[in-house]
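A short worksheet on the structure shown next.
The values are calculated or read from the model by the stated rules, or taken from the named source; none is laboratory data. This is a predicted model, so every value here is computed, not measured. All Cβ positions, even for glycine, are placed from backbone atoms using ideal geometry, and neighbour counts span all protein chains on display. Areas reflect the complete protein model, heavy atoms only, side chains present, ligands, DNA and RNA absent. Shrake-Rupley method; radii C 1.70, N 1.55, O 1.52, S 1.80 Å.
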Amino acid sequence: MKVHKVGRTTGYTEGRVFDVAANVIAEYGIGDLTFEDQILIESEEKQFSDLGDSGSVVANPVSRRAVGLLCAGSKSYTICNHLTDVLTRLGVALVN
């Protein structure tokens, strides 16, 4: 599935989901953190995300529905939480 987002650092970018159930380890200042059942996105023409883009909503450009919340990444791929998981944990819902 193709996706897009607008981030503070990289602006508008497009990418392609290549995994919807990945377990990954990301390096943070407090140490390595493991994220389970995450969405992984490959960059298309330019890098999909960079430092400062965390918290960006990732959406399907065709349906215009949000699918993920950007949380980490590298030059080659981006890690997103499933938006449904985030909303459930926060106890909130999106309004149509």
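Quick rundown of the values:
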{"read-out": "Qualifying residues in the stretch 26-65 (those that are under 18 Å from Gly11 (Cβ atoms), in a strand (DSSP E or B) and aliphatic (A, V, I, L, M)) - the one farthest from the chain's Cα centre (by Cα)", "value": "Ala59"}
{"read-out": "Odd one out for Gly73, checked against (1) open to solvent by 70 Å² or more (accessible area, probe 1.4 Å); (2) closer than 20 Å to Thr10 by Cβ", "value": "(1)"}
{"read-out": "Where Thr78 falls short, out of the listed (1) under 20 Å from Thr9 (Cα atoms); (2) open to solvent by 70 Å² or more (accessible area, probe 1.4 Å)", "value": "(2)"}
{"read-out": "Matching option when the condition is within 9 Å of the chain's Cα centre (by Cα) and not in a loop (DSSP other than H, G, I, E, B), among Leu87, Leu69", "value": "Leu69"}
{"read-out": "Odd one out for Val20 among (1) more than 16 Å from Leu83 (Cβ to Cβ); (2) among the hydrophobic types (A, V, I, L, M, F, W, C); (3) open to solvent by 60 Å² or more (accessible area, probe 1.4 Å)", "value": "(1)"}
